[in-house]
Amino acid sequence: MEIRYFFILLAIALLSGCKNEQKQLLTAIETMEKSIDEAPSSENAQALVEKYQAYVAQFPDDIDQNSRYLYRAAALDYRMNRFSAALLHLEQAVKDFYESENTALCCLFMGDLYQENLRNEECARTTYQALIQAFPDSESAAKAKEKIAVSLPSMDERLNVLYTTTYNDSTKRIEYRTANNYITSSELYAMILPQSERAPEYLHQAGETARSIRSFDKALELYQWILERYPDYEKAPQALFLSAFTLENDLQRLEEAKALYEQFLKKYPNDDFADDAKVLLDNLGKDEAEIIKSFEQQ
């Protein structure tokens, strides 16, 4: 009983300490925000952005506050003309704290950044259309409707056109701008409409597209997104296999590839790619001559 009582007291003490630390950080942020209003400078703005990031990292369960802080961090980056950095904060807010009441506003800000500052009309349209579909009754959706043409094709139609035109049949070349717009639009779709049945499909096709333009780290990121958020998707096994294949053949990160091939075989022993995974695992790191020799010995 005494030991149990000790651990209860310890848990209470730790919880109290955590709350005190959280309160202190909130107070520090409030003080810095007032300082920015009174004496704005890029140095103070950057310090506040870092403080917001520290809070988000330290208290990930505070959904609404984290979403607000990431929005404010984006606003500060915007004031410093750091538009890509602002976009990253908004993406984190939407992807990691989707349940926040601030999500629709973050999406609207993202669309405005794409349209007005990054000059990417395709991604702006995807953001606005996804926002309208995800939060149809919000004030942000009403504003988004004012920014796109009534005659604009549906989001699925637009994404299909992007996907099918990444390769130019006449020139026999990949259209890199179109490919990148498709990849980003697919991410935006899955970010803003995470419950849609088409979200993992778009992410998987975006992964294929990323591999086709040799953006291998992006492909890995997209496959990981599928594995983490959509483990029951029919092509989740393929996403895991392609992650291992990309690590081995394109990035030469053999130890990581080995771990994923083993994970794949353990998790999906009867998958269509299981035999391929076993052969690749058995020949991992071998050159062509060694592989031929091993087959001759068999």
(request) Could you tell me whether any residue of segment 7-27 is surrounded by 14 or more Cβ atoms within 10 Å (Cβ to Cβ) and either modelled with pLDDT of 95 or more or β-branched (Val, Ile, Thr) (or both)? (result) no
If you go through 163, 223, 202, 189, the only one that is modelled with pLDDT of 95 or more, under 30 Å from residue 282 (Cβ atoms) and surrounded by 14 or more Cβ atoms within 10 Å (Cβ to Cβ) is 223
When segment 95-107 is checked residue by residue, the ones that are crowded, with 23+ Cβ neighbours inside 10 Å and either over 19 Å from the mean Cα position of the chain (by Cα) or farther than 14 Å from residue 68 by Cβ (or both) are 107
Per the filter on segment 146-155, residues surrounded by 13 or more Cβ atoms within 10 Å (Cβ to Cβ) and closer than 24 Å to residue 197 by Cβ are 148, 153, 155
Among the residues of segment 50-93, the number that are among the hydroxyl-bearing types (Ser, Thr, Tyr), surrounded by 17 or more Cβ atoms within 10 Å (Cβ to Cβ) and within 19 Å of the chain's Cα centre (by Cα) is 3
(message) Based on this model, can you work out whether residue 40 counts as outside any helix (DSSP H, G or I) and at pLDDT below 90?
(response) yes
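Using the structure shown, decide if residue 128 is crowded, with 19+ Cβ neighbours inside 10 Å and either among the hydroxyl-bearing types (Ser, Thr, Tyr) or over 24 Å from residue 195 (Cβ atoms) (or both).
Numbers: crowded, with 19+ Cβ neighbours inside 10 Å: yes; either among the hydroxyl-bearing types (Ser, Thr, Tyr) or over 24 Å from residue 195 (Cβ atoms) (or both): yes.
The answer is yes for residue 128.
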Taking segment 212-259 and keeping only residues that are in a loop (DSSP other than H, G, I, E, B) and over 18 Å from residue 166 (Cβ atoms), one is left with 230, 231, 232, 233, 234, 235, 251, 252, 253
Being of a type in the set (Gly, Ala, Ser) and over 24 Å from residue 43 (Cα atoms) narrows 85, 73, 141, 93 down to just 141
With criteria (1) more than 28 Å from residue 42 (Cα to Cα); (2) touching a Lys or Arg at 6+ places or on another chain (Cβ under 9 Å), residue 135 comes up short on (2)
Return yes or no: is residue 182 surrounded by 14 or more Cβ atoms within 10 Å (Cβ to Cβ), under 18 Å from the mean Cα position of the chain (by Cα), of a type in the set (Ser, Thr, Tyr) and more than 20 Å from residue 198 (Cβ to Cβ)?
-> no
Only one of (1) among the basic types (Lys, Arg); (2) over 30 Å from residue 156 (Cβ atoms); (3) in contact (Cβ under 8 Å) with a residue 60 or more places away in the chain does not apply to residue 82, and that is (3)
- Query: Looking at segment 125-135, is at least one residue out of contact with any helix residue (DSSP H, G or I) (no Cβ under 8 Å at 6 or more places or on another chain) and without any contact (Cβ under 8 Å) to a residue 24 or more places away in the chain?
  - Reply: no
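The values are calculated or read from the model by the stated rules, or taken from the named source; none is laboratory data. Note that the structure is predicted; figures quoted are calculated from it, not measured. Here Cβ is always computed from backbone atoms with ideal geometry, including for glycine, and neighbour counts include all displayed protein chains.
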